[in-house]
Protein chains: 2
Amino acid sequence: MRQRITIADVAREAGVSTQTVSRVVNNKDSVRPETRRAVLEVIERLGYQPNSVARSLATNRTLTLGVVVSDISNPYFADVVRGAEDAARERGYHVFLCNTDQDLQREVEAIRALQGRQVDGVVLCSPRLPEEELMELFQGRQEFVLVGREWIENAVGSVRSDSAGGVGLVVEHMVTRGLRKLAFAAGRPGGPGHRIRLAGFKEAIRAAGLDIESAVILPCATGHAGGYQAASELIEKHPDVEGLICFNDLVAIGALRACVEHGVRVPEELAVAGIGDIALASLVQPQLTTVSHPRHGLGVQAVSMLIDHLSGKEHEREILLKPELIVRASAP
Amino acid sequence: MRQRITIADVAREAGVSTQTVSRVVNNKDSVRPETRRAVLEVIERLGYQPNSVARSLATNRTLTLGVVVSDISNPYFADVVRGAEDAARERGYHVFLCNTDQDLQREVEAIRALQGRQVDGVVLCSPRLPEEELMELFQGRQEFVLVGREWIENAVGSVRSDSAGGVGLVVEHMVTRGLRKLAFAAGRPGGPGHRIRLAGFKEAIRAAGLDIESAVILPCATGHAGGYQAASELIEKHPDVEGLICFNDLVAIGALRACVEHGVRVPEELAVAGIGDIALASLVQPQLTTVSHPRHGLGVQAVSMLIDHLSGKEHEREILLKPELIVRASAP
DNA sequence: TGCGCAAATGTTAGCGCTAACATGTCGTGT
DNA sequence: ACACGACATGTTAGCGCTAACATTTGCGCA
């Protein structure tokens, strides 16, 4: 590990003061073009790279953000993080990644650790900590943005996907295609997202001028098996239903299997749609109509908002990104 | 953004020198228990958190590692990164994440940026840069570990999954189950992993005492469509083949679909296996027998090796992790 | 010719912490 | 009673950089 070149080495070699070198490095102020050229030549020759730890200590800014997710191996968060990293890199920032496994204690530790590292800001993806605790942790020491959670006081802002509206897109699509009797495999009551998606479903049914009483609402587990079971029940008890909208894509894929096993043709006898646009959705047969959440966009917007705020720019406080309807064979 | 508490504030408040506070914070040397207690009490009361930027500048260590991947939204890398982050956190390190999209220029930029940030070490996942360029970039300035690539000089070490051995596991499994005539959908000749997996296949065929001439080797595209095509060709031209091993799981899933369409029963008439154990593998019908790469383990081992090295501990230079055979219905 | 002002460069101090050395304070054994 | 050493604590300097102010240089213009 050989000795690193410092700004002083460059200054000595170029016969100028360290400050002049600093100015050249930071494209600052007025430096005579020839001086600048000379300094740059020395920098190049010595292979000087500024030490950003020292710079951070002097400027009190680290150009570093923290991103806290529950698990980066969850594709949803992977996309959000990817978006965050893209936006950060573009603006000269770096990203510390923290996984919490939805553990409250780990969440606290992650935030504390990021604060110790002097990050300029933090992006919290679906944090579980109660509002008061978040506020106490930050108490104005760092800026933070929430992803997938409503704005709370002291937060720079919040970025979410309009999941109620996403369900509505599917309802609208099905109704446009002439389906009149719809069902919603609604997930686990009380579970995350249940209330809001169900509200979106009901609202869209009303908006389409359909009778809410005619719609079938099936609570179900939020996995593959839940969809299988919900669809089996539907086929048995409500054979007149023409379109099934599922809480998420896994549920929808379970539902597709149930249809195959019960000899129900998709989409001719029953149209099926999911929510989420997971990779699998385009690989099952028939390919799944679904709603794509702007996952990458969530990360990009969160970081953009955060950096805008850090640079004193104007920005929105709450951003609601529109999901996109992906029409495939299961509900054409 | 209110003023942060520094070590000097704590020292003043506790009536000791900053050095004593530093000793308490770092659990160093001998500090009288009652002094320690008093200092800790003040730390607690003021909510002091050490500034690790300043600490890094003074100690010349950042307790930070860089992890460079081509794309975190690729589940393979997401798992590796997760393993890396887990291992790092456990040992008090943090992780900077960089995506390169397989772009050489971005790879160089990422490494440069990490060096500027004074990371203590870097984990490079499947870097594309040629050996000389990597060596020039690092030239002894930082320690780095390679994942999924052979050791090169100056690297701390390399961690890989034994993919040739993984193919062998499947061959061995099929042979044990009495299959004698096997085929390999070998991927794109010249593409990444092609040579080594094909070698593993041939080696295993030989080791099983089978005639290499009897084995069918099909080049194919490495996606879903490639598998469909390869399997269609196989069914048509080599109806006597009993087991098909595929370059990866997507290829295998394409092959499964071809079997359905050609009325070939899996696994009764043709056993099919993939490589990779992607999430999808357990969701298709029949569930896919495959080989699981120790992705999380790659990350863990890489970071452990790196930190061991940084702490002056002994460590391996090359680690080859064993893949695991996951037996499911498609090749029981 | 010299004044004044802007551009170019230098000087000083300090960010918050720790390494290394300096000093102080005991209890102990003779 | 005193010297010694072990432990406890303080002092000094510096990590590499930049902010803020200080100084110098050059040039236009009266």
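Quick check for me: using +1 on Lys/Arg Cβ and -1 on Asp/Glu Cβ, what's the dipole size of chain A about its Cα centre, in debye to the nearest 20? Numbers along the way, then the final one.
Details: 37 positive and 42 negative charges, 230 e Å.
Around 1100 debye, computed over chain A.
Label-point separation (nm) for A:Ala8 and B:Glu213, each offset 7 Å from Cα along Cα-to-Cβ?
With each label point 7 Å from Cα toward Cβ, the separation is 7.6 nm.
Shortest first and in nm with one decimal, please list how far the A:Gly178 label point sits from its counterparts in the other copies (point 7 Å along Cα→Cβ).
The projected label point of A:Gly178 is separated from its counterparts by 5.3 nm.
Could you give the dipole magnitude of region B:180-309 about its Cα centre, charging the beta-carbon of Lys and Arg +1 and that of Asp and Glu -1, in debye to the nearest 20? Show your work: numbers first, answer last.
Working: 11 positive and 13 negative charges, 54 e Å.
Its charge dipole is roughly 260 debye.
Roughly what angle does helix B:295-310 make with the longest principal axis of chain B, taking Cα atoms, 0 to 90 degrees, to the nearest 10?
With both axes taken from Cα atoms, the answer is about 40 degrees.
Could you work out Rg/(2.2 N^0.38 Å) for the protein assembly as shown, with Rg from alpha carbons only? Provide the component values of the computation, followed by the final result.
Values: Rg = 28.6 Å, N = 664, 2.2 N^0.38 = 26.0 Å.
Expressed relative to 2.2 N^0.38 Å, the Cα Rg reads 1.10.
Would you mind giving the mean number of other chain beta-carbons within 10 Å of the Cβ of each residue in B:278-285, as a whole number?
Numbers: counts 2, 5, 5, 0, 1, 8, 5, 4.
If you average over the peptide's residues, the count of other-chain Cβ atoms is 4.
Just rank A:Ile275, B:Ile111, fewest to most, by other beta-carbon atoms within 10 angstrom. Let's see the in-between values first.
On the way: A:Ile275 28, B:Ile111 25.
In order of increasing Cβ crowding within 10 Å: B:Ile111, A:Ile275.
Please determine, in degrees from 0 to 90 and to the nearest 10, the orientation of helix A:33-46 with respect to the longest principal axis defined by the Cα atoms of chain A, where the helix direction is its Cα long axis.
Result, in degrees: 80.
Show me the trypsin sites (Lys or Arg not before Pro) within region B:229-318 that DSSP assigns to loop and that have at most 13 other Cβ atoms within 10 Å of their Cβ.
Numbers: sites: B:Lys237, B:Arg257, B:Arg265, B:Arg295, B:Lys313, B:Arg317; in loops: B:Arg265, B:Lys313, B:Arg317.
Here the trypsin sites (Lys or Arg not before Pro) that fit, given the DSSP loop and packing criteria, are B:Arg265, B:Lys313, B:Arg317.
Of all GluC sites (Glu not before Pro) in region B:247-332, which ones are in loop regions per DSSP and have a Cβ with at most 11 other Cβ atoms within 10 Å? Spell out each step's value before the answer.
Working: sites: B:Glu261, B:Glu268, B:Glu269, B:Glu314, B:Glu316, B:Glu318, B:Glu324; in loops: B:Glu268, B:Glu269, B:Glu314, B:Glu316.
Loop-located and lightly packed - B:Glu268, B:Glu314.
As an exercise, take the mean of 1/r over every pair of distinct alpha carbons in region B:281-332, invert it, and state the Kirkwood radius in angstroms. Before the final figure, lay out the partial values.
Details: mean 1/r = 0.0761 Å⁻¹.
Final number for the Kirkwood radius of region B:281-332 is 13.1 Å.
What is the helix-to-structure angle for B:163-176, meaning the angle in degrees between its Cα long axis and the longest Cα principal axis of chain B, kept from 0 to 90 and rounded to the nearest 10?
Its long axis makes an angle of about 40 degrees.
Using only the Cα atoms, work out Rg/Rh for chain B, with Rh taken as the Kirkwood radius, to two decimals.
Looking at chain B, the ratio lands at 1.15.
Relative contact order of region B:163-293, please, whole-number percent, based on alpha carbon pairs below 8 angstrom and at least 6 residues apart.
Numbers: 246 pairs, mean separation 33.3, N = 131.
Relative contact order here is 25 percent.
As a test of the formula, what do you get for chain A when each DSSP H run with n ≥ 4 contributes -39,500 (n - 2.57) and the sum is divided by the residue count, at 222 nm and rounded to the nearest 500 deg cm²/dmol? Could you put the intermediate results ahead of the total?
Working: 12 runs with 146 residues, N = 332.
Value at 222 nm, helices only, nearest 500: -13500 deg cm²/dmol.
What is the sum of charges around B:Glu131, taking Lys and Arg as +1, Asp and Glu as -1, for the other residues whose C-beta is under 10 Å from the C-beta of B:Glu131? Don't skip to the answer; put the middle values down first.
Values: positive: B:Arg149; negative: B:Glu132, B:Glu133, B:Glu136, B:Glu150, B:Glu153.
Result for the local shell: -4.
Between copies, how far apart are the A:Gly92 label points? List them in nm, one decimal, shortest first, with each point 7 Å from Cα toward Cβ, please?
Spacings between copies for this position, smallest first, are 3.3 nm.
What Kirkwood radius, in Å to one decimal, follows from the Cα pairs of region A:7-59?
On the way: mean 1/r = 0.0901 Å⁻¹.
Over region A:7-59, the inverse of the mean reciprocal pair distance is 11.1 Å.
Leaving out same-chain residues fewer than 8 places away, which lysines sit with a Cα under 22 Å from that of A:Lys181?
Partners within reach: A:Lys202, A:Lys237.
How many nm is it between the label spots at A:Arg206 and B:Glu153, if each spot is 7 Å from the Cα in line with the beta carbon?
Between A:Arg206 and B:Glu153, the simple spin-label model gives 7.5 nm.
Roughly what would the spin-label model give for A:Glu136 and A:Glu268, points 7 Å off Cα along C-beta, in nm?
6.3 nm
Could you grab the relative contact order for chain A? Cα pairs under 8 Å, six or more apart, rounded to a whole percent. Write down the numbers at each step before the final one.
Working: 619 pairs, mean separation 55.6, N = 332.
Contact order relative to length: 17 percent.
Compute the relative contact order of region A:235-291 as a whole-number percentage, counting only Cα pairs closer than 8 Å that sit 6 or more residues apart in sequence.
Rounded, it is 37 percent for region A:235-291.
List, shortest first and in nm to one decimal, how far the label point of B:Ala8 (7 Å from Cα along Cα→Cβ) is from its counterparts in the other copies.
2.1
From the P(r) of region B:163-293, can you give the percent of Cα pairs sitting at distances over 22 Å? Provide the component values of the computation, followed by the final result.
On the way: 2025 of 8515 pairs.
That fraction is 24 percent.
Which of the GluC sites (Glu not before Pro) found in region B:133-185 are in a DSSP loop and have at most 12 neighbouring Cβ atoms, other than their own, within 10 Å? Don't skip to the end; give the middle numbers.
Working: sites: B:Glu133, B:Glu136, B:Glu143, B:Glu150, B:Glu153, B:Glu172; in loops: B:Glu150, B:Glu153.
Qualifying residues, ordered by number: B:Glu150, B:Glu153.
Just so you know, all these numbers are worked out from the coordinates, no wet-lab data involved. This structure is a prediction, so every number in the text was calculated from the model and none was measured. Cβ sites come from the backbone with ideal geometry, for glycine too, and all protein chains shown count toward neighbours.
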